[in-house]
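Scroll down for the structure; my scribbles are underneath it.
The values are calculated or read from the model by the stated rules, or taken from the named source; none is laboratory data. Keep in mind that this is a model prediction, so the values were computed, not measured. Glycine also receives a Cβ, built like all others from the backbone with ideal geometry; neighbour counts cover every protein chain displayed. Only protein heavy atoms, including side chains, enter the accessible area calculation; ligands, DNA and RNA are left aside. Shrake-Rupley method; radii C 1.70, N 1.55, O 1.52, S 1.80 Å.
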Amino acid sequence: MNVLKRCLYGFSIVSLASMNIQCKSDKKVEETTTEAKATAVVTIEKSAYGTTPKGEKIDSYKLKNQKGMEVDIITYGGIISSLKVPNKAGKSEEVVLGFNSLEQYMKPNPYFGALIGRYGNRIAKGKFTLDGKEYALAINNDPNALHGGPEGFHRVVWTAEEAKSGDNASLKLKYVSKDLEEGYPGNLTVFVTYTLNNDNSLDVVYEATTDKKTVVNLTQHSYFNLSSDFSKPILDHEITIDADKLVPVAATLIPTGKLTDVTNTPFDFRKPKKVGLAIEAKDEQLKNGLGYDHCWVLNNQDKGDRFAASAYDAGSGRLLEVYTDQPGIQFYSGNFLDGTLPMRNGGTYARRTGFCLETQHYPDSPNQKDFPTTVLNPGENYKTKTSFKFSVK
Ligand code: GLA
């Protein structure tokens, strides 16, 4: 209601004197609202994205700050469908691989932008035992279980709640995974909160509680290409990973159980190094992963939230720094992309045109007694945080 209308309304119900007060105070309300809008540093806007064949309405939320960063998140799979950040010339461009329709996201794809759960990465032969009881998961990555199963958390519909606090805007997603859904025990209530601040940082906070002992390892599966040119492989990106050790894998990408030193191997990213520099080297681990598809043992695990990894593209000047409280990070160089999936504006995503930095626990932890535990008990709160911080240099 504008000031004039409010004043007329006031006139019909109150005396002239009180109307005067009413008009003044309304003016104040309106000024405050306009002021609030002008100072809303990070905005969040909802729009309809599509409808699933089952009739579920999928929404998209755009978080946007005043520094040229924009993130689109859809309630299907909690997928980051678009992430735009400025280059060194100040031009905001797309830096994540994605599609332009819900229909395409619903077709089989390698987890583009999605939330991953209940267990990120592989569980050997899809089996694990808790308190003497063996649980069997779907074998969706022969002979192993991958990324929480065929539907996991990446092909389900999340409910969403918007929140604002200070200079940030958040989207809090919720999903309840039922007891024995995808084979995992316990009703698991999961919240994932995406928060954009005005410092070009996107925080992802994962929370979960269970009513039965279970295993949990949540992560985010965005594929980045900081050049914004998705026809180019990411081999020129310089990667840094703050890790002295690697979780080596056998042929089916299941950890051998040992942790090995990265010194003098293609896995030493303690100083910035181009992805392409050693990716074709003769190395058993690179052979097993068809390139980089490994979990690094992050340093300073006792420090909680800390620097984990970075990626830099000299052409655009974009730098992505990843901070986390997790013990590991899976650096995946997009080896399985095969030129079959459509880009947003024509063309297809070729091999190694995107990379993932998935903060997480080590693969197959439920079967590896020496790895940090991924068990969650009733009464415990699973809470972890990862930040993706963008800048230019
Ligand atoms: C993860 C895995 C890879 C691959 C991709 C999705 O990063 O480690 O082996 O499965 O997801 O294709």
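Structure summary
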| read-out | value |
| --- | --- |
| Leading residue by the ranking (most open to solvent (accessible area, probe 1.4 Å)) among those in the range 108-142 that are more than 14 Å from the ligand (Cβ to nearest atom) and part of a loop (DSSP other than H, G, I, E, B) | Asp131 |
| Test: residue in the range 182-191 that is acidic (Asp, Glu) and either surrounded by fewer than 18 Cβ atoms within 10 Å (Cβ to Cβ) or without any contact (Cβ under 8 Å) to a residue 60 or more places away in the chain (or both) | no |
| Residue within the range 58-68 that is over 21 Å from Asn345 (Cβ atoms), surrounded by fewer than 16 Cβ atoms within 10 Å (Cβ to Cβ), touching a residue at least 12 places away in the same chain (Cβ under 8 Å) and β-branched (Val, Ile, Thr) present | no |
| Filter result for the condition that a residue is part of a strand (DSSP E or B) and open to solvent by 50 Å² or more (accessible area, probe 1.4 Å), over Lys369, Lys383 | Lys383 |
| Any chance Asp199 is more than 15 Å from the ligand (Cβ to nearest atom), under 22 Å from Val85 (Cβ atoms), open to solvent by 50 Å² or more (accessible area, probe 1.4 Å) and in contact (Cβ under 8 Å) with a residue 40 or more places away in the chain | yes |
| From Phe191, Phe224, Phe230, residue being touching a Lys or Arg at 6+ places or on another chain (Cβ under 6 Å) and closer than 30 Å to Gln66 by Cα | Phe191 |
| Number of the condition not met by Thr260 [criteria: (1) touching a Leu at 6+ places or on another chain (Cβ under 6 Å); (2) among the hydroxyl-bearing types (Ser, Thr, Tyr); (3) buried (at least 18 other Cβ atoms within 10 Å of the Cβ)] | (3) |
| Residues satisfying the stated conditions in the range 311-363, i.e. open to solvent by 30 Å² or more (accessible area, probe 1.4 Å), part of a strand (DSSP E or B) and within 16 Å of the ligand (Cβ to nearest atom) | Thr348 |
| Subset tally (residues that are on the phi > 0 side of the Ramachandran plot, surrounded by fewer than 21 Cβ atoms within 10 Å (Cβ to Cβ) and either aliphatic (A, V, I, L, M) or within 18 Å of the chain's Cα centre (by Cα) (or both)) for the range 143-181 | 1 |
